[in-house]
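Read-outs throughout are calculated quantities, based only on the coordinates presented, and are distinct from any laboratory measurement. Since we're looking at a predicted model, the values are computed, not measured. Here the Cβ positions follow ideal geometry from the backbone for every residue, glycine too, while neighbour counts run over all protein chains shown.
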Amino acid sequence: MKLTEEQWGLLSDLIPDPPVRPDKRGRPWKDKRAVLEGILWILRTGAPWADLPEKYPPYQTCHRRFQQWAEDGTLNKVIKQLARHLEETGKIKLKECFIDGTFVPAKKGALGWGKPRGERGLKSWQLQTLMVFLSPYAQKALNLTK
């Protein structure tokens, strides 16, 4: 996502400058505007971090900065300010926004999310055969065959 100069003017003060090491070691930080645009591209497209186009800084840098800014509240401030600006310019109406969850993957055949409880049982053919004979429905069928 490409930020306009007006948008960047609103957001630049919200993003902290990189810390300066007293020993002057380490690589210089990537431009915070380019990193933010990379993060916004990922948030807009829903693509994996590794699919970040080369016109943005490396995906590892964007992901690390995303985690850092999400943890310290910077990203929350940036998103709110950007949404406020888009609403003021008439590009979105926040009262009409919604979240589309159709991209959320689910396990095949799963009805919902949940942690497995306890240890998984054996999956051998013997156990499956035993479960058939222990089933109350199987008992009825077996009684009919006698």
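Some notes on this structure:
- Amide hydrogen neighbours beyond the local backbone of Ile92, cut-off 5 Å, H modeled: Glu87
- For the range 81-94, Karplus couplings with θ = phi - 60° (6.51, -1.76, 1.60), whole Hz, Gly/Pro x: 5, 5, 5, 4, 5, 5, 6, 5, 8, x, 8, 9, 10, 5
- Given +1 at the Cβ of Lys and Arg, -1 at the Cβ of Asp and Glu and no other charges, the dipole of the range 36-75 around its Cα centre is 60 debye to the nearest 20.
- Reachable aspartates and glutamates, given that their alpha-carbon falls under 15 Å from the alpha-carbon of Lys24 and they are not under 8 places away in the same chain: none
- Cut-off 14 Å between beta-carbons: net charge of the residues surrounding His85, Lys and Arg +1, Asp and Glu -1: 0
- Bridgeable aspartates and glutamates around Lys95 (alpha carbons under 13 Å apart, same-chain partners fewer than 8 residues away excluded): Glu87.
- Exposure proxy ranking for Leu94, Leu36, based on other Cβ atoms within 10 angstrom of each Cβ and starting from the fewest, stands as Leu94, Leu36.
- For peptides 16-26, 56-66, 74-84, sequence by mean Cβ density within 10 Å, most packed first: 56-66, 74-84, 16-26
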